[in-house]
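Heads up, the thing below is written out as C-alpha cells.
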Amino acid sequence: MRKYLLAAAAASVMSTAAVAADMPIAPPPAYAPPPVEDFGGWYLRGDIGMTNQSVKTLDSNAIGSVISSTGIGFDSGMLVGVGVGYQFNNWIRADITGQYRGRANFHGSQTVLYDNGLGPAYRADNYSGSKSEALFLANAYVDLGTWWCLTPFIGAGVGASYNRIVGFRDDGIGNQFGAPLPVSVTNFADAGKWNFAWAAHAGVGYKVSPSLTLELAYSYVDLGSAAPGNFTAFDLGATGPSSIKFKDITSHDVKFGLRWNLDPAPVYAPPALPLIRKG
C-alpha cells in the first residue's frame with residue numbers, strides 16, 4: 001500500500017512541474033521614467049537688434065522763446081547684448097543683461113524769437129550730433145506656455161543707462177527786419193551721464209533643442225536723459241557750461257537672440273529588457 005501512495009505522489013509532482021513548464025513567462029512590468037523636475041537651471045544669452053529712439057523735449061540754451069521745433073529725433077541704431085540668467089521653473093525666469101547701443105545720429109531744428117538789443121529777431125538753431133548708450137538691466141519674465149515648441153513671454157527690467165552725446169553742434173541762422181543776421185556756430189564737448197532706466201519686454205521663444213532656444217523680442221526702453229559738455233561759440237568767442245538737455249529718451253527695440261541652457265533637463269530612456277531564453 002505504501003508503494004502505491006509514493007507512486008501517486010511522485011506522479012502528481014511531475015504533472016505539476018510539466019504544466020508549469022508549459023505556462024508562458026510573464027513580461028516584466030512596463031518601465032515608467034521618473035518625472036522630469038520642473039526647472040531649467042542656468043543659461044547664457046546673446047542678442048542683436050535695432051534701436052528706434054526718440055526724445056520728448058530738447059531744452060536749449062537759446063536766449064528767447066522757442067516758437068517751434070522741427071524734425072527733432074534720432075536715426076535707428078544697432079545694439080548687441082549678453083547676459084546670464086536662471087530658469088526657476090516652466091513659467092518664471094530672470095536674467096541680468098548688458099547692452100552696447102551704437103551711435104544713433106541726432107538732427108532737428110528750433111525756431112527762436114529773441115531781442116538782440118535792436119528789436120525782435122528770429123533765429124533757427126539747427127542741431128546735429130550722435131548718441132550711444134551702455135545699458136544694464138535686471139529682468140524677470142513669465143513664459144506663457146508652449147505650443148509646437150513656441151513659447152510666448154512677457155517681462156520687465158530695471159537698471160541703469162550711461163548715455164553719451166558725441167559731436168553735438170548748433171548752427172544758428174538769424175533774421176531781423178527781413179535782413180539776414182550773421183551765422184552762429186557753436187560746438188559742444190563730448191559728455192555722458194548715468195540714468196535710471198527701465199524696460200518692458202514681449203516676444204516668443206522657439207526651443208530648437210533641450211539646450212538651445214531662439215528668441216524674437218520687442219522691448220520698450222526708457223533711457224532717462226542726456227546732455228552734451230561745455231560749449232564754444234566761435235562767432236562770439238564765448239565758452240561755458242551747456243544748458244542743452246535731452247529729456248525723456250525712449251526707444252522701441254527689436255531683437256533677435258538665443259539662450260543656451262547650461263543645465264538641460266535629462267532625457268530618460270527605458271533600460272533594455274533582460275534577454276529571456278527558453279529551453
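Computed from the coordinates by the stated procedures, all read-outs in this text should not be read as laboratory data. None of these values were measured; they are calculated from a predicted model. Counting neighbours? That spans all protein chains shown, and the Cβs are built from the backbone with ideal geometry, glycine included.
So what is the orientation-averaged projected area of the range 40-261, using the convex hull of its C-alpha atoms, in nm²? Don't skip to the end; give the middle numbers.
On the way: hull surface 51.5 nm².
In nm², the orientation-averaged hull projection of the range 40-261 is 12.9.
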Discussion item. Whole angstrom only: what separates the Cα centroid of the range 59-92 from the Cα centroid of the range 195-255?
Written reply: 3 Å
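Calculate the dipole size of the range 40-261 relative to its Cα centre from +1 charges on Lys and Arg beta carbons and -1 charges on Asp and Glu beta carbons; express the result in debye to the nearest 20.
Here the size comes out at about 480 debye.
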Discussion item. Using a 7 Å offset from the Cα along the Cα-to-Cβ direction at both Ser68 and Ala191, what is the distance between the two label points in nm, to one decimal?
Written reply: 3.0 nm
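Quick one: dipole size for the range 206-263, taken about the Cα centre, charges +1 on Lys/Arg Cβ and -1 on Asp/Glu Cβ, in debye to the nearest 20. Before the final figure, lay out the partial values.
Details: 5 positive and 6 negative charges, 20 e Å.
Roughly 100 debye for the range 206-263.
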